[in-house]
1. Under 7 Å by Cβ, and 6 or more places apart or on different chains, what pairs join a residue from the stretch 359-375 that is closer than 12 Å to L140 by Cα with one that is of a type in the set (K, R) and open to solvent by less than 10 Å² (accessible area, probe 1.4 Å)?
2. Could you tell me how many of the residues in the stretch 158-187 are open to solvent by 30 Å² or more (accessible area, probe 1.4 Å), of a type in the set (A, V, I, L, M) and in contact with a helix residue (DSSP H, G or I) (Cβ under 6 Å, 6 or more places away or on another chain)?
3. K3 - would you say it is more than 17 Å from A133 (Cα to Cα) and outside any helix (DSSP H, G or I)?
4. Suppose we filter the stretch 261-294 for residues that are open to solvent by 30 Å² or more (accessible area, probe 1.4 Å) and not in a helix (DSSP H, G or I); how many remain?
5. Which of the numbered conditions does L273 fail, given that it passes all the others? Conditions: (1) within 23 Å of the chain's Cα centre (by Cα); (2) among the aliphatic types (A, V, I, L, M); (3) at pLDDT 95 or above.
6. Of the residues G250, G203, G219, G240, only one is touching a Phe, Trp or Tyr at 6+ places or on another chain (Cβ under 9 Å), under 29 Å from R12 (Cβ atoms) and not hydrophobic (A, V, I, L, M, F, W, C); which?
7. Which of (1) in a loop (DSSP other than H, G, I, E, B); (2) under 25 Å from the mean Cα position of the chain (by Cα); (3) not basic (K, R) is the odd one out, the single condition E164 does not satisfy?
8. Would a scan of the stretch 117-137 turn up a residue that is more than 30 Å from N338 (Cβ to Cβ), crowded, with 16+ Cβ neighbours inside 10 Å, out of contact with any His (no Cβ under 6 Å at 6 or more places or on another chain) and modelled with pLDDT of 95 or more?
Amino acid sequence: MHKLEKQEILKRIENLHNTLNTCVEWETAFIVDKVNQYYFTGTIQDGVFILKRNGDYAYCVRNSFERAKAESPLENIYPMTSYKNAAEIVGDNAGTTLIEAEVMPLAMLERLKKYFKIDEIKPLDRHILNIRAVKSPYELSCMEESGRQHKTLFELIIPTLLKEGMREIDLTAEMYKEMIKLGYHGVSRFSMFQIECVIGQLGFGENSLYPTNFNGPGGMKGMCPAVPIIGDRERVLREGDLVFVDVGYGYNGYHTDRTQIYMFGAVPSAEVLAAHRECMQVQKELASALKPGAIPSEIYNNIGFANRNVRFLGHGVGLYIDEYPIISNGFDTPLKENMTIAIEPKKGIDGVGLVGVEDTYVVTKSGGKCLTGGEGDIISI
């Protein structure tokens, strides 16, 4: 099992502590999101990570305390049956309190208030997202391996899976099996509220244009209105179909994001090729702009299509597929070196399907360094 080094974890806690002391008035921060718990402790449990303004911290765990002790390099880990135990460990005077406002339910907050004296509540989410946006050498090594496996999946494995008459759900099932064999960590995680995902979006032909509740350019019909994901049971692969595959691949907790278009049993038309290669050119220009100091909103407004139907052209990637920064209006904080960003210009063609590209890049002084292969022209099968 991959265990995080103690110094890696302590550096993350130090970054959070310094950031909070610089940016906000606070006394106590409570972290309950499981992925954030992993980031700051090295394990995912039913618990709460508590950080105090003086730098003290405690990780209080219901289940499993035994596993937390085995996986986390931290020393201040304590068993907990209720927040009463946590209050006894760190003190019940929380003062000005920071919480993950995007993920903490009101019922959980009320349980905290039962045992902690809270004077004022402020959001913690953006501070953590900004810290997590810049990747450490360890994190980059995980994402580089994810990108390597991602490239193998898209370029060497998926072309062998596409068979005439197969259903979209058959492709999903075959892909998942091959991904696990390759090294995939088993789940594609999104931070967006109530987003469900198995491995990503895929569609044959016009199904890739089917509207979804996900804020992205791709489409997917899904199993049924109650489960609009995984794939269509009825739609089979036919000669002349475009195949759209958008998958967030993950290795050891860290993701890369890539999209690949395939043409099954035919040659892409001039219209399809022209639209796809326009997207490739936009991606190339966007990637070249991924340098420290660049402003995401300026990249969005200066590069890309004149008539966009999505509100972003790229997004951060890491422990979640959708992280900071976002290449969109409203994001004016300059990029930093070693941020990781997926760039995804795409275009729908009526009656045909979706074309376009997506790859994951690292922000460097010379522009975006691609982790997932790049040069994503249509692959004809």
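The values are calculated or read from the model by the stated rules, or taken from the named source; none is laboratory data. Since the model is a prediction, treat every value here as computed from it, not as a measurement. Neighbour counts run over all protein chains shown; Cβ positions are idealised from the backbone, glycine included. Surface accessibility is based on the protein's heavy atoms, side chains included, excluding ligands, DNA and RNA. Shrake-Rupley method; radii C 1.70, N 1.55, O 1.52, S 1.80 Å.
1. Filtered contacts from the stretch 359-375: T360/R258.
2. Number of matching residues: 1.
3. Numbers: more than 17 Å from A133 (Cα to Cα): yes; outside any helix (DSSP H, G or I): yes.
For K3, the condition - more than 17 Å from A133 (Cα to Cα) and outside any helix (DSSP H, G or I) - is met.
4. Of the stretch 261-294, the ones open to solvent by 30 Å² or more (accessible area, probe 1.4 Å) are 265-267, 269-271, 273-274, 277-278, 280-281, 284-285, 288, 291-293.
From what is left, the residues that are not in a helix (DSSP H, G or I) are 265-267, 269, 291-293.
Qualifying residue count, the stretch 261-294: 7.
5. L273 satisfies all of (1) within 23 Å of the chain's Cα centre (by Cα); (2) among the aliphatic types (A, V, I, L, M); (3) at pLDDT 95 or above except (1).
6. Numbers: G203 fails: under 29 Å from R12 (Cβ atoms); G219 fails: under 29 Å from R12 (Cβ atoms); G240 fails: under 29 Å from R12 (Cβ atoms).
Just one listed residue meets the conditions, G250.
7. Exception for E164: condition (2).
8. Filtering the stretch 117-137 down to residues more than 30 Å from N338 (Cβ to Cβ) leaves 117-121.
Retained after the next criterion (residues that are crowded, with 16+ Cβ neighbours inside 10 Å): 118, 121.
Going one step further and asking which of them are out of contact with any His (no Cβ under 6 Å at 6 or more places or on another chain), we end up with 118, 121.
Next, from what is left, pick out any that are modelled with pLDDT of 95 or more: 118, 121.
Yes, the conditions are met somewhere in the stretch 117-137.
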